[in-house]
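The values are calculated or read from the model by the stated rules, or taken from the named source; none is laboratory data. Model, not experiment: these values are computed from the prediction. Glycine gets a Cβ as well: all are built from the backbone with ideal geometry, and neighbour counts include every protein chain shown.
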Amino acid sequence: MEDCTVDIKKVVAALDLSRYSERTFQHAYTLARSLGAELILLNVINTRYLDSFHMVGGEGFGVDPQEIIERTRQERRAALEEQFLAKAQGVAARVELRQGLPWEQIIKLVREENADLLVVGAKGRGDAAGVLFGSVAEKVQRHSPCAVLSVRGPEHCRLP
Ligand SMILES: Nc1ncnc2c1ncn2[C@@H]1O[C@H](COP(=O)(O)OP(=O)(O)OP(=O)(O)O)[C@@H](O)[C@H]1O
Ligand SMILES: [Mg+2]
């Protein structure tokens, strides 16, 4: 067998601020803390969401798309800081916001950062019944250069 060293020094948690995100964060944080790894908390503002604002602006509803995007970035950053970063004690953690297609941006960041582990929810905001993996979860599994940990929903929480 080829000798392959596993040294997990950087963990990325993809957080879409859905009901899956808390457990996704908990797994990423627990691993990062016990491994002494860095932790990046990533949210992607979906292009589809941005396009809808451009359309509204373009149609003359008096909405400045740039302003809404800026406000969305601020709101997302505040949410990630409050809900997750504040709980990442003892770990070198930071928030990253990107814009575009979620799966592409997640993979891009993992590559840029040379991350060793990507942690995602099995599903997210869509949370369709009967579906095992959401489309982003599936695409990142397919394209990630590093290992991917897929975290199940809160209903799979083990009680103390
Ligand atoms: N915009 C995003 N920013 C950061 N992470 C995301 C984003 N979208 C999805 N993810 C990550 O992927 C996981 C799975 O979400 P996914 O979007 O695949 O499921 P879904 O919303 O139920 O399905 P779909 O989007 O196909 O309707 C999320 O829990 C999160 O870890
Ligand atoms: Mg989704």
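If you take the residues of segment 90-126 that are part of a helix (DSSP H, G or I) and closer than 16 Å to Ala37 by Cα, which of them is farthest from ligand 2 (Cβ to nearest atom)? Across segment 90-126, the extreme among qualifying residues is Glu113. Scanning segment 1-44 for residues that are within 16 Å of ligand 2 (Cβ to nearest atom), hydrophobic (A, V, I, L, M, F, W, C) and over 12 Å from Leu149 (Cβ atoms) yields a total of 4. The set of residues in segment 126-154 being more than 21 Å from Tyr29 (Cβ to Cβ), touching a residue at least 24 places away in the same chain (Cβ under 8 Å) and surrounded by 13 or more Cβ atoms within 10 Å (Cβ to Cβ) consists of Asp127, Ser135, Lys139, His143. Here are the criteria: (1) outside any loop (DSSP other than H, G, I, E, B); (2) modelled with pLDDT under 95. Tell me which single one Gly130 does not satisfy. (1) is the only condition that Gly130 fails. Out of the residues in segment 64-89 meeting the condition of being surrounded by 15 or more Cβ atoms within 10 Å (Cβ to Cβ) and not in a helix (DSSP H, G or I), tell me which one is nearest to the chain's Cα centre (by Cα). Top of the filtered list is Phe84.
Would it be correct to say that Phe53 is more than 16 Å from the chain's Cα centre (by Cα) and either surrounded by 13 or more Cβ atoms within 10 Å (Cβ to Cβ) or at pLDDT 95 or above (or both)? Spelling it out, Phe53 is indeed more than 16 Å from the chain's Cα centre (by Cα) and either surrounded by 13 or more Cβ atoms within 10 Å (Cβ to Cβ) or at pLDDT 95 or above (or both). Contact map, segment 103-115: first residue at pLDDT 95 or above, second residue crowded, with 22+ Cβ neighbours inside 10 Å and not in a helix (DSSP H, G or I), Cβ cut-off under 6 Å, separation 6 or more or different chains; pairs are Gln105/Val44; Ile106/Ala14; Leu109/Leu42; Val110/Val12; Val110/Leu118; Ala115/Val12. Scanning segment 5-21 for residues that are within 10 Å of ligand 1 (Cβ to nearest atom) and crowded, with 18+ Cβ neighbours inside 10 Å turns up Val12, Ala13, Ala14, Leu15, Asp16, Tyr20, Ser21.
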